[in-house]
Amino acid sequence: MQKAKPLEHFLHLASEKQQNIINAALYAFGKNGYKKASVADIAAGAGISKAMIFHYFGCKKELYLYLIHFCADAIASGVIKELDTSETDFFKRIRAISELKLKAISNYPDMMIFMESMFFEADPEVEPEIKKIMSVSKLSFNIQPYFEGIDFSRFKEGVNPELVTRLLLYYTTGRMNEMPHGKSLDIVLLMREFDECIELFRKNFYRRADEGSI
């Protein structure tokens, strides 16, 4: 009988146990980076032994790479496939993207923190693999396709929509950092706060005739 590969053992776990391990790993890598993240801390956070992490993934590197694929798949299925690209208003589109993303990762509150850390990860053990995965999964990690067809003419002269996008992304990432570790995301609360932020941006960056409302 052929011996099962390490990941197969993990994929046969109950979904709740998988979720616990993924969340513990997202938090450890997101907070500490690849090199400083401890397998022992991940195991403790998941409520399992360190040996079981190696049993499920083989090594620390494979766990890290699995998380990248997991994040890409979550975003692809939860955002890209569901996004209504017929909406041309920048702020309505970015609101829809944010809500879909929050729903997609609602059970993984540290996913955005992990992804932010991943973009700046420079450890030679994983950096080449990160670039390779991102090149294949560019629709998931690259925000540019989300904004195809947007009517940028509504912005005031001199306003850079890309900078506005980055400011909103920094806000959401920072807000996610403030959420309690290990708790499911309060989507209603986060979207209410995000709506207030969007309205502030709309009133300041859109031409007066195009201010409207979300």
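The numbers here are math on the coordinates, done by the rules we state, and not lab data. Every value quoted in this text rests on a predicted model; they were computed, and no experiment measured them. Every residue, glycine as well, gets a Cβ built from its backbone with ideal geometry; the counts of neighbours run over all protein chains shown.
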With only helices counted (DSSP H, runs n ≥ 4, each -39500 (n - 2.57)), the per-residue ellipticity at 222 nm for the chain, to the nearest 500, works out to -19500 deg cm²/dmol
Extension gain, E8 back to Y170 (0.36 nm per residue minus Cα-Cα distance, nm)
54.7 nm
In nm, spacing of pseudo-spin labels at A44 and R192 (7 Å Cα→C-beta vector):
3.6 nm
Taking N as the residue count of the range 1-105, its alpha carbon Rg divided by 2.2 N^0.38 Å gives 1.30
Do any of K17/K132; K50/K103; K36/K60 go past 22 Å between their Cα atoms, and which?
K17/K132; K50/K103
From the Cα gyration tensor of the chain, with a ≥ b ≥ c the square roots of its eigenvalues, which class applies: rounded if a/c is under 1.5, or else prolate if a/b is larger than b/c, or else oblate?
prolate
With the 8 Å Cα cutoff and a minimum separation of six or more residues, the chain has a relative contact order in percent of 24 percent
Can you tell me which of 40-48, 107-115, 161-169, 9-17 comes out highest on packing, and rank the rest after it, using the mean Cβ neighbours within 10 Å?
107-115, 40-48, 161-169, 9-17
Length released on extending from E162 to E148, taking residue separation times 0.36 nm less the Cα-Cα span:
3.8 nm
Please compute the contact order of the range 1-50 in relative form: average sequence separation of alpha-carbon pairs under 8 Å and at least six residues apart, divided by the residue count, as a percent.
31 percent
Suppose R0 equals 25 Å; then what is the FRET efficiency for K132 and S77 from their Cβ-Cβ distance, rounded to the nearest 0.05?
0.75
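For Cα pairs less than 8 Å apart in space and 6+ apart in sequence, what is the mean separation divided by the residue count of the range 1-114, i.e. the relative contact order in percent?
Over the range 1-114, the number comes to 33 percent.
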